[in-house]
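The values are calculated or read from the model by the stated rules, or taken from the named source; none is laboratory data. Just so it is clear, the model here is predicted, and its values are computed rather than measured. Here the Cβ positions follow ideal geometry from the backbone for every residue, glycine too, while neighbour counts run over all protein chains shown. Accessible surface areas use protein heavy atoms only, side chains included; no ligands, DNA or RNA. Shrake-Rupley method; radii C 1.70, N 1.55, O 1.52, S 1.80 Å.
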Amino acid sequence: MNIALIGFRGTGKTTLARILAQKLGMRFVDLDEETEKIAGMKVSEIFGEKGEKGFRETEKKAVSAISGMDGLCIACGGGVVLDRGNIDSLKRNSTLILLTSGEEKIWGRIKGDKNRPVLSGKKGLAGVKELLLQRKKLYEESALFSVDTSDESPEQSAERIILGLRERGLL
Ligand code: S3P
C-alpha cells in the first residue's frame, strides 16, 4: 500500500510526504522528480519545450510506473487529478489524502518561486483562485479525507494524517 498526497501547489505535499515516509518507514517519492527522470528535463523545461500537454503526457507515464510499486509515500504534482486515468491507477494501491490551504496562504508560499510554470490565464492570487475553483471538485472526490495545512506546522499536519489513517484502520 502507498500513501499519495494530492492538492494544490503550496499546500505542503512534498514536505509532508517526506515527514510521513520517515515516520512510517516508507520510501518518499516525488512525482515531479519521476516525471523529470522520464523526460530527462526539469519540469519548467518540459513546459517550455512541450507545453502543458507534453508535461501531462510524461506525468501520466510516471504515475503508471509508480502505481505498480509498494510502500511509497508519494508527493503528487498539483495537476495529477486532471486526468481521471491517473486517479484510477493511483487508487489501485494508494490511499489518496488531500492537503488544502487558504488561497492567500498558498499564494504567499508559491509567489517567490520563479521556477513554477504559470498554469492559468490569470496571474498572481487571481490565477490561484481560478485554478482552485476549476480543480476543487476533482481534488475532493479523489481523496479519502483531507487535512487543512493553513495554520499548523508540518509536524502537526503529519500527526493528523497518521490519526486519520489509524481511525480508518489503514495503519
Ligand atoms: C502543477 C504543479 C506542480 C508541477 C507542475 C504542474 C499543477 O507540482 O507538477 O508545475 O498543475 O498544479 P507541485 O504541486 O508539486 O508544485
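Details
- Filtered residue count, the range 18-35, keeping only those that are in a helix (DSSP H, G or I) and within 10 Å of the ligand (Cβ to nearest atom): 4
- Search result, residues across the range 83-127 that are modelled with pLDDT under 95, of a type outside the set (S, T, N, Q), within 12 Å of the ligand (Cβ to nearest atom) and open to solvent by less than 70 Å² (accessible area, probe 1.4 Å): 110, 113, 117, 119, 127
- Residue 56 in contact with an Asp or Glu (Cβ under 7 Å, 6 or more places away or on another chain) and either open to solvent by 30 Å² or more (accessible area, probe 1.4 Å) or at pLDDT below 95 (or both): yes
- Residues considered: 67, 44. Of these, the only one that is in contact with a Leu (Cβ under 8 Å, 6 or more places away or on another chain) and at pLDDT below 95 is 67.
- Boolean, residue 80 is open to solvent by less than 10 Å² (accessible area, probe 1.4 Å), within 12 Å of the ligand (Cβ to nearest atom) and not basic (Lys, Arg): yes
- Condition broken by residue 163, with the remaining ones in (1) under 20 Å from residue 22 (Cα atoms); (2) buried (at least 18 other Cβ atoms within 10 Å of the Cβ) satisfied: (2)
Rundown of residues vs (1) under 21 Å from residue 155 (Cβ atoms); (2) hydroxyl-bearing (Ser, Thr, Tyr); (3) touching a helix residue (DSSP H, G or I) at 6+ places or on another chain (Cβ under 8 Å), yes/no style:
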position: 30; (1), (2), (3): yes, no, yes
position: 73; (1), (2), (3): yes, no, yes
position: 93; (1), (2), (3): no, no, yes
position: 98; (1), (2), (3): yes, no, yes
position: 113; (1), (2), (3): no, no, no
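- Of the candidates 42, 61, the single residue that is touching a helix residue (DSSP H, G or I) at 6+ places or on another chain (Cβ under 8 Å) and more than 11 Å from the ligand (Cβ to nearest atom) is 61.
- Residue 132 vs. criteria over 17 Å from the mean Cα position of the chain (by Cα) and either crowded, with 17+ Cβ neighbours inside 10 Å or over 27 Å from residue 1 (Cβ atoms) (or both): no
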